[in-house]
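Please treat every number below as a calculation from the coordinates, not as lab data. Quantities reported herein were computed from a predicted structural model and do not represent experimental measurements. In this analysis, Cβ positions are derived from the backbone assuming ideal geometry, glycine residues included, and neighbour counts consider all displayed protein chains.
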Amino acid sequence: MKVSVGTGELERFRRVVAHRLGLHFENGKLGFLAEVLRRGLEANDGDLEAYLSPLEAGRSPHELRLLAQDLTVGETYFFRHMDQFRAFAEVALPERLRVRGTRNFCGSGPMLQILSAGCASGEEAYSLAILVRRASSEIAGRVSIRGVDVNPLALKKALRGRYSDWALRETPQEVQRRWFRQDGREAVLNDSLRADVRFEDRNLLEEDPELWQPEAYDIIFCRNVIMYFTPESAQALMARITRAMAPGGYLFLGHAETLRGLSQDFHLRHTHETFYYQRKDETWAPSPTNLPSASLPISVPARPAAIEINGAWVDAIQEATEKIRYLAAPPSESPAVVPGPRGDMRLALDFLQREQFSQALSVIEQLPLEMAGDPDVLLLHAVLLTHSGQLAIAEKTCRRLLAADDLNAGAHYVLALCREGAGDRRGATEHDQIAVYLDPGFAMPHLHLGLVARRAGDRETARRELEQAIALLEREDASRLLLFGGGFKREALIALCRAELTACEVQR
């Protein structure tokens, strides 16, 4: 029986999927969603109420699991995004072993608890188990690794521990020989390693007291999960993760995911050319450890130490540019300027717009003391100091801003300019990369990365970053260009990028 799906029915189904599974489907994916709804209706003789009402009321857990099976994306492989596994093996794991071993651990239970949330068919959780074994065979049995997912078919595959060669495409041969045996066209995981991980059918959106015990986990991998969730579901999940994470514990998200707008309870960490998070604990600070770290399955060069950005996620750039948009608007678009601090800020921005940087700086430096620590004032002050060539003071101002208004992408971009001015090209690149991570739509750090790379002779990176800068500049917010554009208009910045791209070709 062929069942037709109307617009109203499809919208109702989309709301059910969002509410019960937390999954968000944009308009471009409604065709796929309609097909899933159609199959569900056909299995219920076309009775919409018989199918949707139990799902809406939470009375059909079996049907919900079948729905998750159809809708969740489970493509993964062993050691996917090796940079994060390096950070796990060389930073997170040894540090948490040190903390648990010297401060918190007692008794015969697990020394460490690791959660793979949204574990799919188990490749991520088993990769973690391999690295734990490589760290020390003595502690492997004291580390609990838990994989949870809402897709029953994926969990069934995880429990079987049988994988294709494609799932091992990033797994070194030495690891394959040690932990797998070939059985026809499948690689079968070592039984003892399979025993190191337990898999459970759990819905991350449910208030599950056993799964989300307070401060239970030392390390959580929750990669490529929240990117599919509705904003409300993502916030709810992060609240549970925050509650269940031990102070000082580590959180790994997918490369395209951030805590932007979701949590202010984590520090950002940047090592091994990747970003991850650490649960805040004001009473705890990392220190060197003598415990063995997990030797990686491949040889890698030494990496720089972690960059600590003390603070929580805030959308500082958007807040600052919203204020600048108001302050810099023509009189016909905003209230008349009134005497006092707001009027002074407006005057400073007017000078900035006219490229009268010294006058703007003078206005900012004469603001009342009570405004001196305001994040917007600090950001504008740092920008103006940079324009005036006072890079050392600008850098101190940026660091003061980060201490007051953590994870500010604008501050990191200005710091990149200051670091380059100090001859620290590596530091400049580092801060630009952090700014890009914090705000992927921010054009100026891409532009600066392109310029730095071109001067260093790295034409491939220069082309990539400059092309990205052009794409972002074409839709960049005018108020943000005013703040960070160095006096250049949109067209001039785009022309600069194109000129640098031409220079890259000439250098070939």
What is the Cα centroid distance between region 435-475 and region 122-178, reported in whole angstrom? 37
Calculated FRET value between ARG498 and GLN359, using beta carbons and R₀ = 25 Å, to 0.05: 0.20
With label points set 7 Å from each Cα along the Cα-to-Cβ direction at ALA478 and ASP183, the distance between them in nm comes to 6.6
Simple label model, 7 Å out from Cα along Cβ direction - ARG15 to ARG39, nm: 2.5
Theoretical gain in end-to-end length, LEU159 to ARG243 [0.36 nm per residue, Cα-Cα removed]: 27.4 nm
Dividing the convex hull volume of the Cα atoms of region 7-71 by its residue count, what figure in Å³ per residue is obtained? 75
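To the nearest 20 debye, what is the magnitude of the charge dipole of region 93-223 about its Cα centre, counting +1 on the Cβ of each Lys and Arg and -1 on the Cβ of each Asp and Glu?
Charge dipole, region 93-223, about its Cα centre: 540 debye, nearest 20.
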What's the percent breakdown of Cα-Cα distances in region 122-244 across 5 Å bins, shortest bin first? 2, 9, 19, 20, 19, 14, 10, 5, 1, 0
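Taking 0.36 nm per intervening residue step and subtracting the Cα-Cα distance, what contour gain separates ALA57 from THR7 on full extension?
Working: separation 50, 0.36 × 50 = 18.00 nm, distance 2.13 nm.
In short, 15.9 nm is gained.
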Extension reserve of the GLU370-GLU460 stretch, reckoned as 0.36 nm per residue once the Cα distance is removed: 27.7 nm
Phi angles of region 187-202, converted by Karplus (6.51 cos²θ - 1.76 cosθ + 1.60, θ = phi - 60°) into ³J(HN,Hα) in whole Hz with x for Gly and Pro, give 9, 9, 6, 3, 4, 5, 6, 4, 6, 6, 10, 10, 10, 9, 7, 9
For GLU206 and GLU26, FRET efficiency with R0 = 25 Å and r from the beta-carbon atoms, rounded to 0.05? 0.55
